[in-house]
1. Of all residues in the stretch 330-347, which are modelled with pLDDT of 60 or more and either of a type outside the set (Gly, Ala, Ser) or farther than 30 Å from LEU212 by Cβ (or both)?
2. Could we say that TYR177 is modelled with pLDDT under 90, of a type outside the set (Asp, Glu) and buried (at least 23 other Cβ atoms within 10 Å of the Cβ) here?
3. Is there any pair linking a residue in the stretch 186-207 that is over 16 Å from VAL149 (Cα atoms) to one that is open to solvent by 60 Å² or more (accessible area, probe 1.4 Å), with Cβ under 8 Å and at least six apart or on different chains, and which?
4. Which of the residues spanning the stretch 186-224 are outside any helix (DSSP H, G or I), in contact with a Pro (Cβ under 6 Å, 6 or more places away or on another chain) and of a type outside the set (D, E, K, R)?
5. Mind telling me which of the residues ALA295, ALA309, ALA270 ends up being at pLDDT 75 or above and over 24 Å from the mean Cα position of the chain (by Cα)?
6. For the list (1) modelled with pLDDT under 80; (2) in a helix (DSSP H, G or I); (3) not basic (Lys, Arg), I need the number of the one condition that LEU302 fails.
7. Just to verify a result, which residue in the stretch 237-255, among those that are aliphatic (A, V, I, L, M) and open to solvent by 10 Å² or more (accessible area, probe 1.4 Å), is farthest from THR85 (Cα to Cα)?
8. What pairs come up if the first residue lies in the stretch 258-270 and is more than 12 Å from ALA298 (Cα to Cα), the second is among the basic types (Lys, Arg) and not in a helix (DSSP H, G or I), and their beta carbons are under 9 Å apart, counting only those six or more places apart or on different chains?
Amino acid sequence: MVETTARGDVAPTSTTAPDATTPTSPTRRWVNLVVRAVVILAIVVGMTWSVVDQWPQVRETWLGLAWSSVALSVLAALLGMVANTMAWRAAVADLEHRVSVGAALRICLVGQLGKYIPGSVWAYVLQIELSRRAGLPRPRAFLATLITVGLGVTTALGLGVIGLPSLREAVGSGSEYADSVRVALVIMAILLPIALLCAVPRVLTALVQLVLRLLRRPPLERRLTWSGVLRVIGWTALGYSLFGVHLWLLANAQATPGFEGLVRCVGAFAIAMTVGMFAFVSPSGLGVREAVLVAALAPFLLDDGGVGAALGIALASRLIFTIADVLAAGVAALSGVRQLRGTTPDVVATGVDKG
């Protein structure tokens, strides 16, 4: 059963999200409050350390950037985050639930702050918890995140093909970041065929059903669809393209990379963000994400600082993403305080299975 909220969103009754309406004891409320405070503190500390750690290396480049380029770059990063949120929402829809746009933005944009806590899973954990508070069952939230990440890898590897010329040049140059780029290419070669196979709806559905059996949850009542998969891929491709524009705008403030530079920035950024999830140790001491971005940018900055300028832009990009994360999460949180407190769920099951 579902009911309509005053805003016109559709919200489940207590049979869909019982934990959103079940009274809690004072002790449990205090524990929840302490846990939230610890999580918020950990995120703040992680973000502060990230900025302080990068600032000495990025200071010269940052101060040399035109503020118009920085502002447009932040905007492109924000729009890319919104596109990724829509990809997650499309995955939820194909799993027989509908999440309002506002709720999806709050879940994903606030949840992604978990990546600043040491460890690679906290952003996903936070997103799943926020999904539960919005009325989406944890198994469905977990599966939506898993599908979005998996199809995101497929999309990134496909876009990454257009960034291969720069990466091949970097490997053959013997530069200081060549080893890191080589790691990225190896990861790409291993993942691409697997990702393409797993993106087929029949195969993806089988994997989802396996996860549901392991979680001892009811199976999906219908197979994942090509339209659902393509929507996720389309939104993700738009997100990566906007992230590439973000990087190109920073490079354009230093040189004139042109259209070729824009295309390579899109491909390189897609590869960089993907391999960064899998390459935990960099052989050359340079972060794999930054190494890939430097490889893409360096050819266009030979007369404007070369590798040093490219590294500065790559680090400035990471700093700008930190700023964009704060802005996006802040706006999303302020726009839905009631939903974050779990008082107004806006998720509805659209299939027979309620998860």
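1. GLY330, VAL331, ALA333, LEU334, SER335, ASP346, VAL347
2. yes
3. ARG202/ARG223
4. LEU215, LEU224
5. Going through ALA295, ALA309, ALA270 in turn, the sole match is ALA309.
6. The one condition LEU302 does not meet is (2).
7. ALA255
8. none
The values are calculated or read from the model by the stated rules, or taken from the named source; none is laboratory data. These numbers come from a predicted model, not from an experiment. Using ideal geometry, Cβ is built from the backbone for each residue, glycine included, and neighbour counts are taken over all protein chains shown. Surface accessibility is based on the protein's heavy atoms, side chains included, excluding ligands, DNA and RNA. Shrake-Rupley method; radii C 1.70, N 1.55, O 1.52, S 1.80 Å.
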